[in-house]
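All of the numbers you see were taken from the coordinates with simple rules; none came from a lab. Not measured: the values here are computed from a predicted model.
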Amino acid sequence: MARKKLDINIRAWIDKLPPSLRNKYVVAAIVYGFWMLLFDQHSIMNQYRLNKTLQELQTKKAYFEAEIEKDSRKRENLSTDDRHLEQFAREEHLMKKDDEDIFIIQKKP
């Protein structure tokens, strides 16, 4: 008895739909579209995540390209100018001449 009542309510609801939405092909297309938008491998959520990751990677790429350019210029200066080479050796590797003393002053935190 309850099943018949439920069946009648469903039929009444279906009869209220426009004829184009009662077509089984239209219903199948709507279900397919819903599935593709929300649950598929290429869903909107996955595309958003992939786009966000792509933007982060492009930002990192631009940063590293700038670093490569800066390091290339620095390497070029070191290989062509002895003054820059000496300055780099003194600052980065704490090298000194024989008649010099180096004092390292560190600030207290």
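Return the total of residues in the range 84-109 being of a type in the set (Asp, Glu) and under 40 Å from the mean Cα position of the chain (by Cα).
2
How about the range 1-105: which helices (runs of 4 or more DSSP H) wholly inside it have at least 2 residues that are basic (Lys, Arg)?
2-16, 44-80, 82-93
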